[in-house]
Amino acid sequence: MWVTCFSPSYSFRLVSTLRTSEHRSPFDLAKRPILEAINGASTECLPYFQLLREWVRECDQSHECKRPTGANYWPTRVIFVGDPDPDKLVLVEKRGTGEDYVTLSHCWGVQTEETRRFCTTQDNYQRRLQGFSYNDLPKTFQDAVRVTRELGKQHLWIDSLCIIQQNQEDWKKEAGQMENVFASAYCTIAATSASGCRDGFLKPDLDSQHIEIQGIPGRPAYVSDFDKDVGEGPLSTRAWVLQERVLSRRTIHFSAEQTYWECGSGVRCENFTKLECPPGRHYFVLDANFPTRLRTAGHDRTVDFIKYLFKKYSRCGITFESDRDVAISGLVERIGASLETGARYGIFTCFLADLLLWKRSDGEMADRIEYSGRTVPSWSWMAYSRGIDFISDPTLVVPPHTDLCFHNNKPALIVKVRQFANCRIEQEGERYAIVADTGKMVGTLWFDRGYIEFRHCVVIGMRKDNMDDARKTYYILVVRGKGPGQGYERLGVGEVEARYVSKKCNREELW
Ligand SMILES: [Zn+2]
């Protein structure tokens with residue numbers, strides 16, 4: 001839960017940077033259009049954009065959020081928005097030297113012949129290198145160009161304009177760079193309120209909009225609900241957007257209710273309040289140098305955050321289901337590199353047992369995703385559609401590496417396959433109860449795609465408690481043989497008392 005707190009020092013500091021000589025009351029100031037010199041040129045600026053610039057300036061000068069000087073990543077292509085002719089935009093391929101670029105995070109919306117026209121394709125690509133018209137762009141892109149210019153920047157990156165669409169080779173190359181594109185951007189514009197490229201995200205009456213300072217006696221303060229405005233906006237429901245948000249150093253969220261600034265030091269609201277970040281998962285999302293904060297978070301908080309990310313991601317919408325392993329790959333790679341651990345299909349080596357205990361969320365039956373030309377194994381949650389949860393146990397004791405590990409050169413796990421003994425299953429709504437021959441309930445199962453078979457299992461871990469060995473709780477995957485010599489596949493996940501699983505086992509491959 002976010003807490004809203006009025007931050008007088010911040011708003012006074014902001015106001016004090018404006019021209020105070022003409023006005024007595026600092027509160028008057030923020031409500032009137034002002035003149036300010038930007039980049040040496042005197043431009044008439046509106047308080048709304050002045051506020052955005054102040055957020056950036058404050059962060060540039062007082063935090064360690066922005067890209068370090070000397071960081072040299074530059075996207076393959078960007079849009080140059082700084083031409084003296086405001087209608088002229090140019091797609092450029094040259095490398096910027098010491099310059100900044102801004103990224104747009106947005107929903108594509110429903111694709112039609114008309115929206116495809118806005119994209120860069122093989123057909124218009126050469127022409128766009130010569131220049132193209134601002135007025136021909138849809139509203140969301142126009143708004144992004146305007147914000148980029150108002151921030152005093154000249155380069156903007158928009159996926160559908162900077163990646164050549166319907167060109168598999170270019171897409172593959174650029175999709176692999178998405179991680180760097182967002183992590184190295186000056187800041188990200190999040191078109192939070194827009195469901196598609198036609199919607200736009202700047203309010204139409206912006207030219208007459210003035211910022212109201214909250215927390216002044218006699219003036220009603222309204223409460224900022226960042227979780228709702230941003231977390232539940234159309235943009236947050238899209239799978240690709242999760243890594244864009246986490247990897248961005250700083251984000252301006254244009255929600256339907258108000259505009260928010262999010263950086264490593266917290267969240268600023270358009271109403272001059274600052275939101276104190278609760279010491280929880282969001283602390284890691286805010287990390288401008290993600291995932292640096294995770295490195296020192298300790299085992300439990302790190303694994304909790306990773307599960308939170310995957311649960312959230314699995315519930316997001318995705319246009320092409322076969323992008324499920326790609327749209328988060330930048331984030332997975334970055335976490336793996338930072339924690340100095342391997343990752344395969346969304347499962348980290350250092351949290352192997354914890355992450356294998358994913359289960360489909362109640363009420364959702366998973367479907368196997370068709371990945372043409374590549375294999376995603378059944379033990380990975382990326383193999384299925386729909387939302388997932390995890391069976392979590394902070395006391396989880398994991399088996400030795402020899403009993404459970406990644407295969408060296410195949411997309412398989414090395415496991416020990418055992419048999420259920422002296423028990424059966426009975427359906428109980430979304431789950432199955434494991435019932436001993438005596439009639440006593442001794443465990444619970446969730447099948448990934450509905451009941452298929454109940455014979456074999458793999459022990460993934462054990463609950464640490466004072467029970468004697470036979471009564472300990474095993475965390476298991478239900479598996480079945482794929483055919484002679486073809487190994488096993490996962491069918492579901494659950495827990496059961498140890499004495500209902502055979503001691504005898506065979507070393508097998510789980511695919
Ligand atoms: Zn900052």
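The values are calculated or read from the model by the stated rules, or taken from the named source; none is laboratory data. Please read all numbers here as calculations on a predicted model, not as lab measurements. Using ideal geometry, Cβ is built from the backbone for each residue, glycine included, and neighbour counts are taken over all protein chains shown.
Structure data summary
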read-out: Close pairs (7 angstrom Cβ cut-off, 6 or more residues apart or separate chains): in contact (Cβ under 8 Å) with a residue 40 or more places away in the chain and closer than 18 Å to S248 by Cα in the range 148-174, among the charged types (D, E, K, R) and assigned to a helix (DSSP H, G or I) anywhere; value: L151/R53
read-out: Flag if I164 is more than 17 Å from L235 (Cα to Cα), in contact with a helix residue (DSSP H, G or I) (Cβ under 8 Å, 6 or more places away or on another chain) and among the β-branched types (V, I, T); value: yes
read-out: Check on Y432, touching a residue at least 40 places away in the same chain (Cβ under 8 Å) and either assigned to a loop (DSSP other than H, G, I, E, B) or surrounded by 21 or more Cβ atoms within 10 Å (Cβ to Cβ) (or both); value: yes
read-out: Scan of the range 360-385 for residues that are closer than 23 Å to I460 by Cα, surrounded by 16 or more Cβ atoms within 10 Å (Cβ to Cβ) and not small (G, A, S), ordered by number; value: R360, V376, P377, W379, W381, M382, Y384
read-out: Complete set of residues in the range 246-257 that are in a strand (DSSP E or B) and either free of Cβ contacts under 8 Å to residues at least 60 places away in the same chain or more than 15 Å from the ligand (Cβ to nearest atom) (or both); value: F254
read-out: Residue within the range 309-326 that is touching a Ser or Thr at 6+ places or on another chain (Cβ under 9 Å), within 16 Å of the ligand (Cβ to nearest atom) and in a strand (DSSP E or B) present; value: no
read-out: Which numbered condition R238 fails, given (1) closer than 27 Å to T140 by Cα; (2) within 16 Å of the ligand (Cβ to nearest atom); value: (2)
read-out: Options G317, G363: the member that is within 21 Å of L247 (Cα to Cα) and outside the structural domain of H282 (by TED's automatic domain parsing); value: G317
read-out: Filtered residue count, the range 104-159, keeping only those that are β-branched (V, I, T) and farther than 20 Å from K203 by Cα; value: 6
read-out: Residue ID - nearest to the ligand (Cβ to nearest atom), chosen from residues in the range 258-277 that are at negative phi and without any contact (Cβ under 8 Å) to a residue 60 or more places away in the chain; value: E262
read-out: Identity of the residue in the range 60-106, outside any loop (DSSP other than H, G, I, E, B), touching a Lys or Arg at 6+ places or on another chain (Cβ under 6 Å) and within 17 Å of T188 (Cα to Cα), that ends up farthest from the ligand (Cβ to nearest atom); value: V102
read-out: Selected residue [closer than 25 Å to E364 by Cβ and either in the same structural domain as E364 (by TED's automatic domain parsing) or of a type in the set (G, A, S) (or both)] from G487, G492; value: G492
read-out: Any hit, the range 94-101, residues being in the same structural domain as A144 (by TED's automatic domain parsing), of a type outside the set (S, T, N, Q) and closer than 30 Å to P204 by Cα; value: yes
read-out: Residue that is surrounded by 20 or more Cβ atoms within 10 Å (Cβ to Cβ) and of a type in the set (D, E, K, R), where the choices are R301, R324, R293; value: R324
read-out: Filter result for the condition that a residue is under 21 Å from I388 (Cα atoms), modelled with pLDDT under 95 and hydroxyl-bearing (S, T, Y), over Y432, Y475, Y451; value: Y451
read-out: Output for the range 438-460, where each listed residue is closer than 26 Å to P400 by Cβ and among the polar types (S, T, N, Q); value: T444
read-out: Tally of residues being in a strand (DSSP E or B) and under 25 Å from D205 (Cβ atoms) across the range 258-286; value: 8
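For every residue, the table says whether it meets (1) farther than 21 Å from S392 by Cα; (2) within 36 Å of the chain's Cα centre (by Cα).
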site	(1), (2)
I452	yes, yes
K464	no, yes
Y475	no, yes
P484	yes, no
